[in-house]
Amino acid sequence: MTEQQPSIRLRPRLRPTLRPLAILAAILLGRVGFGYQFQTVGSLGPTLIPLFGMDYTTFGKLIGAFMLVGTFVALPLGLAGGRFGDRLILTGGLALMVAGAVVSALAGGPDGIAAGRIVCGVGAVAMVVSVVAPKGLWGVLQNRFGIRGWAVRREPPSPADAA
């Protein structure tokens, strides 16, 4: 008789029941990072303006640089997500957000902060485009947690219905 060797898995995988939760956790962390990146410069205005000798126009450009790039990269990133998969676009977007945050943190002036904000903005738009409708997740959420139609807007009942 021949004895079979047990198969060895080199890469541990998440249990199928934990995978949707891991995806939701990654999306949550990305969205928290997005909000933090978006709001940080605006709230640090009283500190950044005298520190770097900026005027309010330059400071306003720093705030707008984050989302300005979205008008140019949203469509190409959406098309790339459809072709190469949302996972690649999401992880690339998260990596760009981290890289932009590092560039902004190490910047010595408004130009460096603006460059970091632009990189963060590309990453944020990539993340938003890839998780607007996570197609594979909706069925799991509906079946596992009973979430049904929560994104569908319902009209409030009319007074005639109450009678």
query = Using the Karplus equation 6.51 cos²θ - 1.76 cosθ + 1.60 (θ = phi - 60°), what ³J(HN,Hα) coupling, rounded to whole Hz, does each residue of the range 125-130 give in order, writing x for Gly and Pro?
reply = 5, 4, 5, 5, 5, 7
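Can you give the relative contact order of the range 76-129 as a percent, counting alpha carbon pairs under 8 Å and 6+ residues apart?
RCO, the range 76-129: 42 percent.
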request  = Using θ = phi - 60° and the Karplus relation 6.51 cos²θ - 1.76 cosθ + 1.60, list the HN-Hα couplings for the range 59-74 in order, rounded to whole Hz, with x at every Gly or Pro.
outcome  = 5, x, 5, 5, 5, x, 4, 5, 9, 4, 5, x, 5, 9, 10, 5
query = Among Arg83, Arg117, which comes first, then next, by fewest other beta-carbon atoms within 10 Å?
reply = Arg83, Arg117
ask   = Ala22 versus Val102, label points 7 Å from Cα toward the beta carbon: distance in nm?
value = 2.4
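Rule-based calculations on the coordinates, nothing more; no lab input. In this text the structure is predicted, and so the values were computed from the model without any measurement. Cβ: placed from backbone, ideal geometry, glycine included. Neighbour counts: every protein chain shown.
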